[in-house]
Amino acid sequence: MDTITLGCLVKGDDPYDNYFEVEINRTRTVSVLKELIKDKKKNTFATIDANQLKLWNVNVSLSEPNEKLNVLINRDIAVIEQRLEELHIEESWESYTASDGYPVQLPPKIINMLKSDKFVPEPRNNFVTAFQNLQVAQSIILPNLGQQPKNFAEGYQGKTLFITQQMIDIWNTFSADQERSIKRVLSGPMGVGKSYISYFLASKAYAENWLILYIADANELNKCTEKKSGEVICKYFIAQNKDILTAAELKRLVQYADRYSVEVAATGEILGNLLKRVDRKTLLIVDEHGVLFENKTVPISKGGRLN
């Protein structure tokens, strides 16, 4: 798929009211892009030929306040950064050396997530040590997974996890080789330990070098735009897996990304492909998920209810 989406704005227009997008194949010329833009803004450019349009590339984010966005909002003359005729979408990407030692070109947003220490779990060896000789009735101190469940470490239990037969059984079900993916909803009254079990499963999978996506609070996904929700998914997935993601996997993560929807495109690959691998163990856990299904009935799989 070689089609990219370009965010466009006529100079002087309000970015929130007049921002528009055009899709174009990466191999097409700038003259074709001009025709597409003119077609999108027929009234604005009614008296101008497409070949008379002047196009400029500017790196301005609409997702958060910044000085460049202020320039556009104030309708001042924007700072020109680079002519579009010689620009390819990948030219702003940077090289990153993946866990397998191979380099891969990635968008700046993904590079920043990879370089950030925020939400990164403790070293995997800490988890391996914590789960050694795991057995029922054992008491372990949970390492930091980069996030903490709601009310975690409060009350008498603190950060101590008491291993139950139920935890072992659920893990054995998830870790066994299966032809199809396993889906479970942990349901029960407040205080029965759903979040501790979720944290246990995510931590155990992390210790086993699985690809994981653990989100401690689903309310973070309950955003007004798919871009903001996508950013949450990307930042946690990358933080939890960057030490084992190969160059090929990172390349796949951004294969359909462009600078205006990196998070959305990457999230599609995370949920649609990377976490559905048949050749590698993966685990997706979303805690406090009820907020995503308000006024809806959530089907409960047999064996998934906690008493």
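The values are calculated or read from the model by the stated rules, or taken from the named source; none is laboratory data. What you see is a predicted model, and the numbers here were worked out from it, not measured in a lab. Glycine also receives a Cβ, built like all others from the backbone with ideal geometry; neighbour counts cover every protein chain displayed.
Observations
- Filter result for residue 59 (outside the structural domain of residue 225 (by TED's automatic domain parsing) and either farther than 30 Å from residue 228 by Cβ or assigned to a helix (DSSP H, G or I) (or both)): no
- Residue pairs meeting the criteria (Cβ under 8 Å; at least 6 apart or on separate chains; first closer than 18 Å to residue 212 by Cα, in the stretch 104-127; second assigned to a helix (DSSP H, G or I) and β-branched (Val, Ile, Thr)): 110/238; 110/262; 113/238; 114/238
- Given (1) in a loop (DSSP other than H, G, I, E, B); (2) modelled with pLDDT of 80 or more; (3) polar (S, T, N, Q), number of the condition residue 51 does not satisfy: (1)
- Within the stretch 212-293, helices (runs of 4 or more DSSP H) holding 2 or more residues that are among the β-branched types (Val, Ile, Thr), at pLDDT below 90 and in the same structural domain as residue 122 (by TED's automatic domain parsing): 262-272
- Taking each residue of the stretch 194-214 that is in contact (Cβ under 8 Å) with a residue 60 or more places away in the chain and looking for partners that are polar (S, T, N, Q) and assigned to a helix (DSSP H, G or I) with beta-carbon atoms closer than 6 Å, six or more apart or interchain, yields 211/241; 212/240.
- Residue in the stretch 226-244 that is more than 24 Å from residue 131 (Cβ to Cβ) and more than 14 Å from the chain's Cα centre (by Cα) present: no
- Residues satisfying the stated conditions in the stretch 223-267, i.e. under 18 Å from residue 147 (Cβ atoms) and free of Cβ contacts under 8 Å to residues at least 24 places away in the same chain: 223, 232
- For the stretch 34-47, the criterion of being at pLDDT below 85, more than 23 Å from residue 227 (Cβ to Cβ) and of a type in the set (Val, Ile, Thr) is met by no residue.
- When residues in the stretch 23-46 are screened for being buried (at least 16 other Cβ atoms within 10 Å of the Cβ) and in a strand (DSSP E or B), 1 of them pass.
- Residue check: residue 172 meets all listed conditions (1) in contact with a helix residue (DSSP H, G or I) (Cβ under 6 Å, 6 or more places away or on another chain); (2) modelled with pLDDT of 85 or more but one, namely (1).
- Contact map, the stretch 1-12: residues that are over 15 Å from residue 55 (Cα atoms) and in a loop (DSSP other than H, G, I, E, B) paired with residues that are modelled with pLDDT of 75 or more and polar (S, T, N, Q), Cβ distance under 7 Å, separation 6+ or inter-chain. Pairs shown: 2/25.
- Breaking point among (1) touching a Leu at 6+ places or on another chain (Cβ under 6 Å); (2) under 25 Å from residue 255 (Cα atoms); (3) in a loop (DSSP other than H, G, I, E, B), for residue 96: (3)
- Residues of the stretch 108-145 classified as surrounded by 15 or more Cβ atoms within 10 Å (Cβ to Cβ), closer than 25 Å to residue 266 by Cα, in contact with a strand residue (DSSP E or B) (Cβ under 8 Å, 6 or more places away or on another chain) and not β-branched (Val, Ile, Thr), total: 2
- Residue in the stretch 227-244 that is more than 18 Å from residue 143 (Cα to Cα) and among the hydroxyl-bearing types (Ser, Thr, Tyr) present: yes
- Top-ranked residue in the stretch 99-139 [being assigned to a helix (DSSP H, G or I) and among the basic types (Lys, Arg); ranked as farthest from residue 252 (Cα to Cα)]: 124
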